[in-house]
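The structure under discussion appears below in the form of structure tokens.
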Amino acid sequence: MAQPTDRLYTKEHEWVKIDGTNAVVGITDYAQSSLGDIVYVEMPRPGVAVERGKPVGVVESVKAVSDIYAPVSGTIVEVNAAVEEDQKKVNSDPYGDGWLVKLKLADADKTGLMDAAAYEELVKSL
Amino acid sequence: MPDLAEIEVARHFTELSHRNFSVDTNFYPLGSCTMKYNPKLNEAVAGFPGFTDLHPFAPDSGAQGALHLLYDMERSLSALFGMTEFSLMPAAGAHGEITAMLMAKKYFAQTGQGTRDVCLVPDTAHGTNPASAAMVGYRVVSIPSTSRGRTNVAALKSKLDGSTAVCMMTNPNTLGLFEDDIIDITKAVHAAGGLMYYDGANANAIVGLVRPGDMGFDLLHLNLHKTFSVPHGGGGPGSGPVGANAKLAKYLPKPVVVRNDDGSFALDWERASSIGPVRAFWSHFLAIVRAYAYIIVHGEEGLRRNSQLAVLNANYVRAKIKDVLTVPYEDFCRHEFVCSAETLKKETGVRALDLAKGLLDAGIHAPTMYWPHVVPECLMIEPTETETRETLDNFSATIHALVKQAHDDPASMAELPLHTPVRRVDEAHVGRQANKGIGLRWQPK
Amino acid sequence: MYTPHTDDEIRAMLAEIGAPSLEALSSPPLGLEIKESLGLPPALPEAEAYAHLKALAGKNDGARKVSFLGAGAYRHYQPPAVPWFAMRSEFLTAYTPYQAEASQGSLQAIFEWQTYVCLLTGMDVSNASLYDGATALVEGVIMAMHTNGRKRVVVSQAVHPMYRAVLATYATGMGLEVIDLPYNAAGVTDLEGGADHARGASCVVVQSPNFFGCIEDVDAGSKLAHDNDALSVCVTAEALSLAVLKTPRESGADIALGEAQSFGLPVGYGGPYVGFIASTKEHVRRLPGRLVGETTDVAGRRAFVLTLQGREQHIRRELATSNICTNQALCALIATVYLATVGATGLRAIATTNLRRARELSDALTSITGFSRAFATPFFNEFCLRTPVPAEQLARALERRGMLAGLPLSRFYPELTHHLLICATELTTPDDIRHLNSALAEETSRAVAAV
């Protein structure tokens, strides 16, 4: 799966799609593929403030547990309830229906974020 | 809760037992588990009513046989491992680990060094090591391994400072290699004011040959259900005695077993510096009886010979399969070795997991897999000393056949196993249910 | 002998390996090889080893005496069917069931254990076992701590003193604050007095029946916990009591834990036993140790497998819910076969017999002048006898007469000098009671006369 170019990526294999002061966050195809069948997703509740680079939740598969790090700073606005009910979406559609949280940005700081091409290079090197 | 006629119980559990591998029926080349044969003498003596019917609160005068056995056990282990004193209280290896961590913490607190809070753990360590350290609040720092498969001494030394509390290691390590810098390491850790802890899971390579005390270790635990032939029971009970040198013996859990001047034996509760008890009662006594029987029929010579033959068997299997699976380290191994299916995966897409499932079809339990993490597609193989050459040859032949099948028909490997009571199970489904608290018990319809 | 190698085989194997000798392969480097004898006795032939161990077993006359000891280890009848099936080689010598395809026997047995624990405690989920009741208490406290982040634990002083001592051992190393709730004149937890302590607590821990044998008001304990946003932890040391008492769940507990040694495990000088832990489903991810779940295989057959391993040490390492690896699988199997063998009706009958015998014992002993029940609270199979002379003295005198009369409580509660903890089970006979009765009466007169 080619990395969608409409969003930015972190070296922790998260993506963030920014639209003004709103952002949507999820994990990449590489992440879901490495984890295997995902069985559990835990994200902070709406209203919680998150800080860039800090662990905010977990995505768990049968064989591994992966911490999710906030790619940007902001406040959680919505958690994807569909994914908490049916984790398979994260595996089958990590860039679409498998989104994890929506948040309101605290700032425009894009430190640590890379574009699709740079992320593609990173994945190739692994 | 059901009511059942005894015949229903009989058929049910006998039928269940037929759906299990076991040492008495199958070969288990499981690295770091030491699945050696469990002698039946041990079962018989552990069943004597004089042992099974003895209440832990029976007065010492009425438990002299049990106390004598525990005392002899304690003396034998102290001699074998170069320690001053042992506690036989911990229930399992991980329990022994946390006991030792609590002892280390108390030692540092009492010597005015309570700020030491870092535990150094090689990246090849068993998961219980960092878990035990974290449970007592230690920060875990991972030390990388070298391309020779040993702990990187320079990296370790660079992490030593005033916050170093404990360095946890096993020797031979989980790659099956003797840490030949061990004296250098223990000296450096001691110079920095830290303590050395020996994870005894790999003791089957060293009993009667070398003592952790001589290597510079201050504390250690043993797994009687590995090295000392106590059966695994499908996941316990084990027994994880903790040994300590002269500096740390006073922190051992209480009560300990002592011999009085008049030759009688007793439980000693007067241990002012003890960390306290770690179990409600004194030991996994009936497991220790089994290990004790194992020690007395072997003696020092027999125990040494077992270690030698364990090393022989591991090297033999290594020699026979290194042409089809990559063995990343060129030194002879100790009681276990690792090999990698990474090349096989690149060439055919077939993984270590698929090889393991293929072994099950041949009635051979899979080796330890995917650990240590430093070796990709890792298989850790420990035959133990009780397996025949024939069994080892058969294992090797099966591995060769599976690798051939992987090349000839890679797609077929994902279907394995075919002949076990159940085939590959849907772990994702049960994981999702379990997270909601469903599927973890039988429910009436 | 246990190693099969002939000298010829060794030579041939060394040749294939390319090593000159066993010593060359196995000796340690750096001059570390053990050079002197370690002083272990010489190896014994099997028959002599057997005889030696038989002699040691014979030196434990405490195992032969008529016993009224309980205090966390209970003498119960073990139906021969239990070891017959549970100790089959295929269970006894099996490994941990990581390879589901090769371990359906062990896995289903654990699933059944988990089910029994849930049935008996009223809880939704249970784990595959813990070491014992004391370490189960530690794990339960850790669960509570992970749930609400608080480090203060409020524990009744009537919880088994060895359980509390083990908790204290861990608490020091884990930075937990443990507050004792005292017991009152009725021999149960003084919950009203504890109201202040519960503020800011992670959990409130009550045992029922408690160490004195008294049945506690677990509902009140749960209320105290919940009023303070803490978890209610209910401890059981005598698992048989679960057959007749209100379940921990019905009494509002969030976590039920304790010791299941009573289900078919011998007292065995203290171990191995088997701890259990169970909770409501919201706490499932914080449960320590192994969990077995039900699923299907690729052919659609029912299958069992270890699940939620993401909580465990081999995956999560320093972030695991607990460091536990090897647990008490075979002991849990023994308990499972026991519960299957006696069944619901049988278990209730055994529990009822225990109740009856303990009452007969109580009636008989309190009829001796100077003896009474220390606490006027209902009990299951264990109670505290108030003695006219120090209980230690009486216990020693009875030992000399071939009886283990019970546990003098001064051992753990220095203030309870004239208190004997005494237990009757289905193995206690009317003759045993009569002998104890007359022996206690005689020894008391003797002691009183001597003063």
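Quick notes on this structure:
- In this structure, B:Ala272 does not qualify as more than 8 Å from chain C (Cβ to nearest Cβ) and in contact (Cβ under 8 Å) with a residue 60 or more places away in the chain.
- Residue satisfying condition, being crowded, with 20+ Cβ neighbours inside 10 Å and free of Cβ contacts under 8 Å to residues at least 12 places away in the same chain, within set C:Ala63, C:Ala55: C:Ala63
- Unique residue being closer than 16 Å to C:Ala71 by Cα and basic (Lys, Arg) when the list is C:Arg400, C:Arg411: C:Arg411
- Just one of the numbered conditions (1) charged (D, E, K, R); (2) more than 7 Å from chain C (Cβ to nearest Cβ); (3) surrounded by 24 or more Cβ atoms within 10 Å (Cβ to Cβ); (4) under 22 Å from B:Tyr107 (Cβ atoms) is not true of B:Arg279: (2).
- So B:Ala133, is it touching a strand residue (DSSP E or B) at 6+ places or on another chain (Cβ under 9 Å), surrounded by 24 or more Cβ atoms within 10 Å (Cβ to Cβ) and within 9 Å of chain C (Cβ to nearest Cβ): yes
- Those residues of segment C:412-439 which are part of a helix (DSSP H, G or I) and touching an Asp or Glu at 6+ places or on another chain (Cβ under 8 Å), in sequence order: C:Pro430, C:Ile433
- Of all residues in segment B:62-118, those satisfying the criterion of being farther than 18 Å from B:Ala246 by Cβ and among the basic types (Lys, Arg) are B:Lys105, B:Arg116.
- Test: residue in segment A:75-82 that is over 21 Å from A:Leu126 (Cβ atoms) and assigned to a helix (DSSP H, G or I): yes
- For segment B:18-74, the set of residues classified as more than 7 Å from chain C (Cβ to nearest Cβ), of a type in the set (Gly, Ala, Ser) and more than 25 Å from C:Ala94 (Cα to Cα) consists of B:Ser61 only.
- Selection within segment B:83-108 - facing chain C (nearest Cβ under 9 Å) and out of contact with any Pro (no Cβ under 9 Å at 6 or more places or on another chain): B:Gly93, B:Ala94, B:His95, B:Met101, B:Lys105, B:Lys106
- Complete set of residues in segment C:1-52 that are within 23 Å of B:Leu77 (Cα to Cα) and among the hydroxyl-bearing types (Ser, Thr, Tyr): C:Tyr2, C:Thr3, C:Ser26, C:Ser27, C:Ser37, C:Tyr50
- Filter result for the condition that a residue is closer than 24 Å to C:Cys234 by Cα, crowded, with 21+ Cβ neighbours inside 10 Å and over 20 Å from the mean Cα position of the chain (by Cα), over C:Val267, C:Val274, C:Val305, C:Val284: C:Val284
- Selection count where residues are aromatic (Phe, Trp, Tyr) and assigned to a helix (DSSP H, G or I), scope segment B:306-335: 1
- Enumeration of residues in segment C:62-83 that are at the interface with chain B (Cβ under 7 Å from one of its Cβ atoms) and among the aliphatic types (A, V, I, L, M): C:Ala63, C:Leu69, C:Ala71, C:Ala73, C:Ala81
- Filtered residue count, segment C:19-36, keeping only those that are in a loop (DSSP other than H, G, I, E, B), closer than 17 Å to B:Phe332 by Cβ and facing chain B (nearest Cβ under 7 Å): 7
- Subset of segment A:16-69 (residues that are part of a strand (DSSP E or B), aliphatic (A, V, I, L, M) and touching a His at 6+ places or on another chain (Cβ under 9 Å)): A:Ile27, A:Val39
- Output for segment B:371-403, where each listed residue is of a type outside the set (A, V, I, L, M, F, W, C) and in contact with a helix residue (DSSP H, G or I) (Cβ under 7 Å, 6 or more places away or on another chain): B:Pro376, B:Glu377, B:Glu382, B:Pro383, B:Thr384, B:Glu385, B:Glu387, B:Arg389, B:Ser396, B:Thr398
- Odd one out for B:Thr111 among (1) within 17 Å of B:Val256 (Cβ to Cβ); (2) away from chain C (no Cβ under 13 Å); (3) hydroxyl-bearing (Ser, Thr, Tyr): (1)
- Set B:Thr391, B:Thr386: member being polar (S, T, N, Q), in the same structural domain as B:Pro29 (by TED's automatic domain parsing), in a loop (DSSP other than H, G, I, E, B) and out of contact with any Asp or Glu (no Cβ under 7 Å at 6 or more places or on another chain): B:Thr386
The rows are residues; the columns are (1) touching a residue at least 24 places away in the same chain (Cβ under 8 Å); (2) over 30 Å from C:Asp217 (Cα atoms).
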site: C:Tyr338; (1), (2): yes, no
site: C:Thr341; (1), (2): yes, yes
site: C:Leu347; (1), (2): yes, no
site: C:Ser372; (1), (2): no, no
site: C:Phe375; (1), (2): yes, no
site: C:Cys384; (1), (2): yes, no
site: C:Arg411; (1), (2): no, no
site: C:His435; (1), (2): yes, yes
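- Selection status of C:Glu216, among the charged types (D, E, K, R), modelled with pLDDT of 95 or more and under 25 Å from C:Tyr74 (Cα atoms): yes
- Sole residue being in contact with a Lys or Arg (Cβ under 9 Å, 6 or more places away or on another chain), part of a loop (DSSP other than H, G, I, E, B) and free of Cβ contacts under 8 Å to residues at least 60 places away in the same chain, chosen from B:Gly235, B:Gly208: B:Gly235
- When B:His68 is tested against (1) touching a strand residue (DSSP E or B) at 6+ places or on another chain (Cβ under 8 Å); (2) crowded, with 24+ Cβ neighbours inside 10 Å, only condition (2) is not met.
- Test: B:Glu43 is assigned to a helix (DSSP H, G or I), within 21 Å of C:Gly264 (Cα to Cα), under 24 Å from the mean Cα position of the chain (by Cα) and not hydrophobic (A, V, I, L, M, F, W, C): yes
- For the condition out of contact with any Leu (no Cβ under 9 Å at 6 or more places or on another chain), over 16 Å from C:Ala256 (Cα atoms) and assigned to a helix (DSSP H, G or I), C:Ala171 qualifies.
- No other residue among B:Gln433, B:Gln443, B:Gln405 is within 12 Å of another protein chain (Cβ to nearest Cβ), without any contact (Cβ under 8 Å) to a residue 60 or more places away in the chain, out of contact with any Leu (no Cβ under 6 Å at 6 or more places or on another chain) and part of a helix (DSSP H, G or I) apart from B:Gln433.
- Within segment B:336-381, tally of residues that are touching a residue at least 60 places away in the same chain (Cβ under 8 Å), in a loop (DSSP other than H, G, I, E, B) and in contact with a Cys (Cβ under 7 Å, 6 or more places away or on another chain): 2
- Some residue of segment B:404-417 being of a type in the set (Ser, Thr, Tyr) and surrounded by 16 or more Cβ atoms within 10 Å (Cβ to Cβ): no
- C:Met174 closer than 30 Å to B:Asp117 by Cα and modelled with pLDDT of 95 or more: no
The values are calculated or read from the model by the stated rules, or taken from the named source; none is laboratory data. It should be emphasised that the depicted structure is a prediction, and the values quoted were computed from it without experimental measurement. Here the Cβ is made from the backbone with ideal geometry for all residues, glycine too, and neighbour counts use every protein chain on show.
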